[in-house]
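Peer 1: If you scroll down you'll find the structure; I have some questions about it.
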Amino acid sequence: MLRGETVSSSGRFGFRDARLALRPAEHVEFWIGASARPAIDRAARLADGFLASPSLTLDEARDQAAFYLERCKAHGRTPRAVAIRRDIYVGESVPDADEVTARVLAAGYRGIPAAALVAGSVESVVERFAELAALGYTDVIVRHLTNDQAKVLGSLTRLGKVRKALASV
């Protein structure tokens, strides 16, 4: 519909000859978030990109990116984005990052395995993000581990340094 098509459906939600009156001037990318192989294949077949779960370990992230890229190739498609969400904290130092991470994990953080979290100094976060890039990930969507505003603002500032370092890799 974003490209001007008129569509109808008699499925669960029935409608006839639906279309958008106002369409975007430029192509709108859409990504499909998936974890199960059939859903990852669907993303490869239909979407502009794939968004992997924040709870994946590095080995699981490797497997899912490889499967997605293989399915894109099988469907004759070139992905525009291979993204993963990571819950992060870019610390002032390693001890600072360790302290924030320990506090968050002690409180029972969201059920995400510690191995899937990215916390550390600017240099260690650059290394972790570079590992994801080597697996084929083009984008990392971030969410901060802590709700402490001062810590989040500091982490965001240091995340800018991470981005700059990755741009030169």
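Peer 1: Of the residues 99, 92, which single one is free of Cβ contacts under 8 Å to residues at least 12 places away in the same chain and of a type in the set (Asp, Glu)?
Peer 2: Values: 92 fails: free of Cβ contacts under 8 Å to residues at least 12 places away in the same chain.
Testing whether each residue is free of Cβ contacts under 8 Å to residues at least 12 places away in the same chain and of a type in the set (Asp, Glu) leaves just 99.
Yes or no, residue by residue, for (1) assigned to a helix (DSSP H, G or I); (2) closer than 19 Å to residue 56 by Cα; (3) among the hydroxyl-bearing types (Ser, Thr, Tyr):
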| site | (1), (2), (3) |
| --- | --- |
| 73 | yes, no, no |
| 82 | no, yes, no |
| 88 | no, yes, no |
| 100 | yes, no, no |
| 108 | no, yes, no |
| 115 | yes, yes, no |
| 124 | yes, yes, yes |
| 127 | yes, yes, no |
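Peer 1: Scan (1) surrounded by fewer than 19 Cβ atoms within 10 Å (Cβ to Cβ); (2) in contact (Cβ under 8 Å) with a residue 24 or more places away in the chain; (3) out of contact with any Phe, Trp or Tyr (no Cβ under 8 Å at 6 or more places or on another chain); (4) assigned to a helix (DSSP H, G or I) for the single condition residue 152 breaks and write down its number.
Peer 2: So the condition that residue 152 fails would be (2).
Peer 1: Within segment 154-169, count every residue that is of a type outside the set (S, T, N, Q) and under 14 Å from residue 88 (Cβ atoms).
Peer 2: Here the count works out to 9.
Peer 1: Residues being crowded, with 16+ Cβ neighbours inside 10 Å and under 23 Å from residue 142 (Cβ atoms): count how many of those fall in segment 34-62.
Peer 2: 15
Peer 1: Could you go through segment 1-24 and let me know if any residue there is out of contact with any His (no Cβ under 8 Å at 6 or more places or on another chain), among the aliphatic types (A, V, I, L, M) and loosely packed, with under 10 Cβ neighbours inside 10 Å.
Peer 2: yes
Peer 1: It is to be established whether one or more residues within segment 68-88 are farther than 17 Å from residue 31 by Cα and surrounded by 16 or more Cβ atoms within 10 Å (Cβ to Cβ).
Peer 2: Yes, segment 68-88 has at least one match.
Peer 1: Could you tell me which residue of segment 6-63 is farthest from the chain's Cα centre (by Cα), considering only residues that are part of a helix (DSSP H, G or I), more than 30 Å from residue 145 (Cα to Cα) and among the basic types (Lys, Arg)?
Peer 2: 45
Peer 1: Name every residue in segment 116-140 that is surrounded by fewer than 19 Cβ atoms within 10 Å (Cβ to Cβ) and at positive phi, in order of residue number.
Peer 2: Correct list: 136 only.
A short reminder: the numbers here are calculations on the coordinates, not readings from a lab. Everything numeric in this text was worked out from a predicted model, so none of it was measured. Note that each Cβ is placed from the backbone with ideal geometry, even for glycine, and that neighbours are counted across all protein chains shown.
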